Amino acid sequence: MIKAITGIKDILPSEIPSWSHLEEAIHSVFKNYNYKEIRTPVFEETTLFSRGIGEETDIVGKEMYTFTDRSGTSVTLKPEMTAAVVRAYVEHSLGKQQPLNKLYYISPMFRQERPQAGRLRQFHQFGGEAIGSSSPLLDVEMIDIAYNILNNLGLKDILVKINSLGIPGSRERYKEELRNYLAEKKEMLSEDSRRRFDKNILRIFDSKIDNDQNLLKDAPLILDYLDDESKSDFDMVQSMLERLNIPFEIDQRLVRGLDYYTKTTFEIISGSVGSQNALCGGGRYDLLIEQLGGEPTPGVGFAAGIERILLACENENVLNLPEDKIDVYFVLLDNELKIEAFELVHNLRSAGFKVDLDYMDRSVKAQMREANKYSSRFVIFIGGEEYASGKMNVKNMQDGNQFIMPLGNSEELIKWLVEVK
Ligand code: HAM
């Protein structure tokens, strides 16, 4: 039997109501904040991501699905959206149409990570990118949107963590200090952290190894090295979050796994999903647009993992979605009557009702079971004595009342259903 590829999941009909519920919340919240949806292709030229996300990141170094197409071009299934949105922004000169572009998306992403709960190889993100302004109010707007969506779902066990990575100059000074501090401890670090020491020293903070974390205990802290502008922007972010009553914590070890960040970064983590606890992450990327060939333009954004959020919802038991009922189920006492019933079914469906009937020539009892399975509001019985006198029996399943109505007059039935529904 052919199975789905490891780490890649089907989303089955039973899971769709939760997905749809979340997707509706995403569209509705982003629209309230005046964001426009953007859709970009599933794959791009590999250089977009290697240049955008950074050669030394885990994503580019070991997680991308990259292949050479028949024309010899190296292409990559998108591992994230920010670089793709920026590519589209630059390519279509969106900045010329309006100075600030507020964009959002929902899309599958691909990363060849080790699969575990909340970590897949094809997963789905939603997110927003605001390109064109360096106002820290937009940093807050991003956190506000993400928090708002998670909060509306009913999630309680969530925590907003914020940090600032400053601008390249201040960050280099900080990295130098961190390098000095860790130099004599380097041999005691794990192999992975030793590699990061040489290539991407900030990422040492992401190590899950206790000994690495012990060695980092008295490390210098990034906020002490911030330039004045990053510092005042970060102060503004904090005071605005307080004003909006969005609880947060400063986490000076929040360095993020992508290289394009400047100034504010943030994550929202969940206490109910295990080790893959980041429900969303984002921050400012004021240099990315010019790095990808555009005019120097500031930007800020975030992305959130849909599978992880739904896992948190399941674990916190917060999605009590209404049952997906149908309006009418037809039960045929004689399967010969199916042709006639089918026409009526068609007419009711065209009038906007959700209607079904049996296609398997099942017994009346089995048809009734189906009607109950779909929690049908009404059951229409066709057959027997009533049929002989040109009538049918309509049963309201909510109160048990039954009505005899003329068969072959769907208009009257539709009028009646509209009234009682
Ligand atoms: P990221 O932190 O790499 O950021 O991913 C954002 C979110 O996607 C994570 O917090 C997590 O919920 C979800 N996610 C990531 N990898 C996986 C996976 N393998 N399986 C399931 N879920 C996953 C970005 O992608 C940036 N583009 C965010 C951003 C937008 N920054 C600025 N603008």
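Taking the radius of gyration and the Kirkwood hydrodynamic radius from Cα positions alone, what is the Rg/Rh ratio for the range 129-237, to two decimal places?
Rg divided by Rh gives 1.05.
How high is the relative contact order of the range 328-420, given as a whole-number percent (alpha carbon pairs under 8 Å, six or more residues apart)?
Rounded, it is 29 percent for the range 328-420.
Running a GNM on the chain with Cα contacts under 10 Å, which residue among 266, 197, 302 ends up with the highest mean-square fluctuation?
197
Relative to the longest principal axis of the C-alpha atoms of the chain, give the angle of the C-alpha long axis of helix 16-32, reported between 0 and 90° and rounded to the nearest 10°.
60 degrees
Please report the relative contact order for the chain, taking Cα pairs under 8 Å with a sequence separation of at least 6, and give it as a percent rounded to a whole number.
Over the chain, the number comes to 15 percent.
With an 8 Å cut-off on Cα pairs and a minimum separation of 6 or more residues, tell me the relative contact order of the range 7-134 in percent.
28 percent
What residues qualify as long-range amide H neighbours of residue 331, i.e. H under 5 Å apart, gap of 5 or more or another chain, H built at 1.01 Å from N?
Result for residue 331 returns 380, 381, 382.
Run the reach check for residue 186 against lysines, Cα to Cα strictly under 22 Å, same-chain hits fewer than 8 apart removed. What comes back?
In chain and number order, the partners are 175, 199, 208, 217.
Please give the FRET efficiency for residue 194 paired with residue 117, using the beta carbon to beta carbon distance and R0 = 45 Å, rounded to the nearest 0.05.
Once rounded, the FRET efficiency stands at 0.95.
What are the aspartates and glutamates whose alpha-carbon lies under 19 Å from the alpha-carbon of residue 415, with same-chain residues fewer than 8 places away excluded?
Output for residue 415: 327, 343, 356.
Just want the ordering: 279, 189, from fewest to most Cβ atoms lying within 10 Å of their own Cβ.
Final ranking by Cβ density, sparse to dense: 189, 279.
Name the residue, out of 70, 256, 114, whose mean-square fluctuation peaks in a Gaussian network model built on the chain with Cα pairs under 10 Å.
Among 70, 256, 114, the largest GNM mean-square fluctuation belongs to 70.
When 1/r is averaged over all different Cα pairs and the result inverted, which Kirkwood radius in Å belongs to the chain?
In the chain this quantity evaluates to 25.1 Å.
Of the peptides 308-317, 361-370, how do they stack up when ordered by the mean number of other Cβ atoms within 10 Å, highest first?
308-317, 361-370
Using only the alpha carbons of the range 1-93, what is the convex hull's orientation-averaged projected area in square nanometres?
9.4 nm²
Taking the chain as a Gaussian network, Cα atoms linked when under 10 Å apart, which of 349, 253, 203 shows the biggest mean-square fluctuation?
Largest GNM mean-square fluctuation: 349.
Treating the Cα atoms of the range 328-420 as identical point scatterers in vacuum, please give the log10 of the normalised Debye intensity I(q)/I(0) at q = 0.16 Å⁻¹, two decimals.
-0.58
If we count other beta carbons within 10 Å of each Cβ, what is the order of 124, 21, fewest first?
Placing the least packed residue first, the sequence is 21, 124.
Counting only helical runs of four or more DSSP H residues, what would the 222 nm mean residue ellipticity of the chain come to if each run contributes -39,500 (n - 2.57) and the total is spread over all its residues?
After summing the helix terms and dividing by residue count, I get -11000 deg cm²/dmol.
Read-outs throughout are calculated quantities, based only on the coordinates presented, and are distinct from any laboratory measurement. Because the structure is a prediction, the values reported are computed rather than measured. When we count neighbours, we look across all protein chains shown, and the Cβ atoms used for this are built from the backbone with ideal geometry, even at glycine.
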